[in-house]
Structures are given as C-alpha cells and as structure tokens.
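Quick notes on the structure that follows.
The values are calculated or read from the model by the stated rules, or taken from the named source; none is laboratory data. Nothing here was measured: the structure is a model prediction, and the numbers come from that model. A quick note on method: Cβ atoms are made from the backbone with ideal geometry, for glycine too, and the neighbour counts reach across all protein chains shown.
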Amino acid sequence: MEIRRVQVTGGASFVVTLPKDWAGEQHIKKNDPLGLIAQPDGTLLVTTKITEDPLQRIKEIDCSTIADPAFLFRLLIGTYITGFTMIRLTTKQRFPPFVRTVVRDFSQMTIGQEVVEETESVIAIKDLLNPSEMPFENTIKRMFVIVKTMHEDAVTALETRNLSLAEDVVKRDMDVDRLNWLIARQTNMIMQNASLLRKMGISTTMAMHYYILSRIIERIGDHAVRIAENTQPIIDGDLDKKILAAIKKASSLSMENFDRSIISFFNADMKDANRNIESIHSLETICGEINNMVLKQDTLVAIHVGYIAESVRRAGEYAGDISETVINLLMEKENVPHKEKRTK
C-alpha cells in the first residue's frame, strides 16, 4: 500500500496527489477529468470512466478448431457470465451446421442475447438487456417461486402417479438456470463497472450475497429435478402409503425451511434464520426413518425412494445454508469498523 498525506489548499480543499505510475498507465494528462465514487465501506474509487454508458466488451471465438457442440455451448455460457456485451463467432471457411444450432440454443437459454449479424463466416451475438433493469431482489424472488413450485409438483407427481407433471418439473429447471446465469453475469459486470454498481443501488458485498443465494436456490432446484427423475421409474410401482405419507411430511418440512430462509433474508431477521437452522434436525430424522422403511419394499422402489428422500433432505439443508448466509450478512452489517486509536 502506498501512503500519501492529505494537504489543504485555500483553507478548505483537501488534496491528495495521484501515483505517477498509475497516472501514466491510465494515460492521464493535465486537466483530464476523473470520477470519484464513494463506496459503502468508506473507500473512495478513482476512475477515468466518467460517463454512464455501459462498458462495451467484445469476445471473439474462433470456431475453426471447435468440433464439440457441448464445448462451444460452455464457451458461450462462460462468455455470457463473464459479462461480455458482444460475442463474435468466426471461422476461416463456413460454419458447420452444429454451430448455428448451438447459437440458437444459447440465445434461447439466456436472457437478453440476440443474434445481430449472421454470414457464412461470422455470427455476432449482442446483449440487448440493460442490467440495471433486472434488480437482484426480483430475480431471487422469481427463482424462489419457480424452485418451490418445482419441488412441490415433483412430490405431487409421485403421489398422483402423474408422469407428465414429473417431466414438466425437469423442463422447468432451465428457467432456474437462466436466472442463475443472469445473476452471475450481473455480479461480474458490477465488479468491472462502478457506475453500474451505483445505478443498481447495491454494494459489491450485497451483490456477492445475492450471487451466493442464487447458487443455493439453483441447487435446490436441481434436487427437485432429481425427485422428479426418480419418480418416473416407479410411477406405476407399489409404494407403501406410510412411506408416501412420510415423504410428503418431509417435503413439507423441507419447503417450510426454504420459505422461512428466504423470508429471513428479505426481513434481515437473524433470530428467525437461526431457528430455521435448528429445525433441520427434525427433517433429517424423518428422512432417516424413510430410508429404514423402504428396506421392506421392492429393490427398484427402495433405490429410487432412497434417492428421493436424500434430495428432500438436501433441499432442506441448502435452505439452512441460506439462513447461514443471512447471519453472515447481518453480522457483517453490524460490525461497522471504527477508527483505530493511535497509541503514542
């Protein structure tokens, strides 16, 4: 860290000189304007970017050496999440058919990505979404509603032997992934652009907590998918009514934990978050009982019900992780650093 002393000029203005090396790297000249942005933690950001225009970043991907569609899709998702505003796919000859298929899937599975140029050797994908128009809070609430409904419908599909409902739960997982990718993208863009941070009215710390939250909710959604997937092979099987009742009870407890964890987050309720963590023990007990009960069932049914009970338990435990995040966040807000006293 480089230490510089504050000077006072004109009796009222505080002045600090800029490091010469940094000014040279940024090509700063006499009379150039600089932006000063006060951060929530008390630090001051000095930037040469003084306009409110979003930072334009272009990523070029050479498809000439890519033969795996899955690999290309992962590259596109990675570029999207990293925060590039334009993606240009190029090739030395003509694109193989799979490239256009992957691009089409990518634009449908992400939010705000549209193909704006397409020739035999160039495909340009542009971000048309203003990140500040999609607040983190709204996205998290939408993810929560989708995932909770997925979980409840997966258990209903098991109870009512509804194969189409189970299949629909699996399909809905893409909606959760899209929102999770969006939050990851916005978080990366915020880290790169201080003006976007100000526009969204959020601190970097809070943005990171929203990102952590979206990752946990996405994993709860994955377990709803696993419940639906393990329901399908035993949809016509002979499942003991006591086991089904136990699964429904465990599922209800799991979703109650999920519901309370989200409420405690938005209400900033540390005590409720702690109570939610403590209540997970009863869920773990019921899931353990289900595993003992299925030992008397047919092997196929026993295996898949075991997986279902595991996913119900894991969903509740992930809800506990959300409550732990709430406590961590609130403790950080409470512990505002005080100026250290100098000792003589």
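Couple of notes before you dig in:
- The condition of being under 26 Å from the mean Cα position of the chain (by Cα) and either in a helix (DSSP H, G or I) or surrounded by fewer than 20 Cβ atoms within 10 Å (Cβ to Cβ) (or both) holds for only one of Glu310, Glu284, that being Glu310.
This table checks each residue for (1) among the aliphatic types (A, V, I, L, M); (2) more than 30 Å from Glu332 (Cα to Cα); (3) assigned to a helix (DSSP H, G or I).
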site	(1), (2), (3)
Arg4	no, no, no
Asp21	no, yes, yes
Ile28	yes, yes, no
Ile37	yes, no, no
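- Sub-9 Å Cβ pairs linking a first residue in the stretch 105-124 that is closer than 24 Å to Val176 by Cβ and touching a residue at least 12 places away in the same chain (Cβ under 8 Å) to a second residue that is in a strand (DSSP E or B) and of a type in the set (S, T, N, Q), at least 6 apart or interchain, are Phe106/Gln113; Ser107/Gln113, ordered by first then second residue.
- Residues in the stretch 114-123 that are surrounded by fewer than 17 Cβ atoms within 10 Å (Cβ to Cβ) and aliphatic (A, V, I, L, M): Val115, Val116, Val122.
- 1 or more residues closer than 30 Å to Lys248 by Cα and modelled with pLDDT of 95 or more: qualifying helices (runs of 4 or more DSSP H) within the stretch 148-232: 163-192, 204-231
- Among the residues making up the stretch 78-102, those that are under 23 Å from Ile183 (Cβ atoms), hydrophobic (A, V, I, L, M, F, W, C) and either surrounded by fewer than 17 Cβ atoms within 10 Å (Cβ to Cβ) or in contact with a strand residue (DSSP E or B) (Cβ under 6 Å, 6 or more places away or on another chain) (or both) are Phe84, Met86, Ile87.
- Verdict on Asp175 being under 24 Å from Asn328 (Cβ atoms), of a type in the set (Asp, Glu) and assigned by TED's automatic domain parsing to the domain that holds Ile140: no
- Here Asp269, Asp259 are screened, and the one residue that is assigned by TED's automatic domain parsing to the domain that holds Arg142 and loosely packed, with under 15 Cβ neighbours inside 10 Å is Asp259.
- Residue count for the stretch 63-120, restricted to those that are under 22 Å from the mean Cα position of the chain (by Cα) and assigned to a strand (DSSP E or B): 4.
- So Leu45, is it within 30 Å of Tyr211 (Cα to Cα), in a loop (DSSP other than H, G, I, E, B), at pLDDT below 85 and touching a helix residue (DSSP H, G or I) at 6+ places or on another chain (Cβ under 8 Å): no
- Members of the stretch 29-42 found to be over 37 Å from the mean Cα position of the chain (by Cα) and surrounded by 10 or more Cβ atoms within 10 Å (Cβ to Cβ), listed by number: Asp32
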